[in-house]
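The values are calculated or read from the model by the stated rules, or taken from the named source; none is laboratory data. Because the structure is a prediction, the values reported are computed rather than measured. Cβ coordinates were reconstructed from backbone atoms using ideal geometry, including for glycine residues, and neighbour counts include every protein chain displayed.
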Amino acid sequence: MFEVLKVLEEQGLGDKKFYGGDSINLVDISLGVYAYWLAAVEEAAGMKILEPSTLPRLHAWAQNFIEAPLIKENIPDSDKLLLHMKGVMGKLVSK
């Protein structure tokens, strides 16, 4: 997974704030769902994947995306997502 994220960071994002440059575009919206979901998975699993020390530009992009006013106003409640992810992970562990 890390290798895929590294390619997204280096070849897709580069030095831009968003994949669309200075503003969010369709690619950002498509990948932004995963950034939001990944944060909940990381917390539920107690591990970090998107670290500023290993994927600095991708980490900054995810933070910029989630903090963009239009996105922030419309994303689901993070506590509900985290609760859901903990339930899913609990079911996977018990099998």
Any chance the range 78-93 includes a residue that's within 13 Å of the chain's Cα centre (by Cα), at pLDDT below 90 and in a loop (DSSP other than H, G, I, E, B)? no
Please go through the range 42-60 and pick out each residue that is surrounded by fewer than 18 Cβ atoms within 10 Å (Cβ to Cβ) and farther than 18 Å from residue 11 by Cβ. 42, 43, 45, 46, 47, 48, 49, 51, 52, 53
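Within the range 10-26, count every residue that is charged (D, E, K, R) and in a helix (DSSP H, G or I).
First, the residues of the range 10-26 that are charged (D, E, K, R): 10, 15-17, 22.
Filter once more, keeping what is in a helix (DSSP H, G or I): 10.
Residues flagged as charged (D, E, K, R) and in a helix (DSSP H, G or I) within the range 10-26 amount to 1.
Go through the range 6-47 and report how many residues are more than 17 Å from residue 71 (Cα to Cα) and over 11 Å from the mean Cα position of the chain (by Cα). Give the derivation first.
In the first step, residues of the range 6-47 are kept if they are more than 17 Å from residue 71 (Cα to Cα); the result is 6-16, 41-47.
Filter once more, keeping what is over 11 Å from the mean Cα position of the chain (by Cα): 6-16, 43-47.
Qualifying residue count, the range 6-47: 16.
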Can you tell me which residue in the range 43-63 is nearest to residue 18 (Cα to Cα), limited to those that are part of a helix (DSSP H, G or I) and modelled with pLDDT of 85 or more? 61
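Tell me the residue from 71, 29, 66 that is under 24 Å from residue 3 (Cα atoms), touching a Phe, Trp or Tyr at 6+ places or on another chain (Cβ under 8 Å) and either at pLDDT below 95 or assigned to a helix (DSSP H, G or I) (or both), please.
Numbers: 71 fails: under 24 Å from residue 3 (Cα atoms); 29 fails: touching a Phe, Trp or Tyr at 6+ places or on another chain (Cβ under 8 Å).
Testing whether each residue is under 24 Å from residue 3 (Cα atoms), touching a Phe, Trp or Tyr at 6+ places or on another chain (Cβ under 8 Å) and either at pLDDT below 95 or assigned to a helix (DSSP H, G or I) (or both) leaves just 66.
Please specify each residue of the range 9-26 satisfying the condition of being under 22 Å from residue 51 (Cβ atoms) and not charged (D, E, K, R).
Going through the range 9-26, the residues under 22 Å from residue 51 (Cβ atoms) turn out to be 9-19.
11, 12, 13, 14, 18, 19 - these are the residues of the range 9-26 that are under 22 Å from residue 51 (Cβ atoms) and not charged (D, E, K, R).
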I'd like to verify a number: residues in the range 1-28 that are aliphatic (A, V, I, L, M), within 21 Å of residue 76 (Cα to Cα) and without any contact (Cβ under 8 Å) to a residue 12 or more places away in the chain, how many? 1
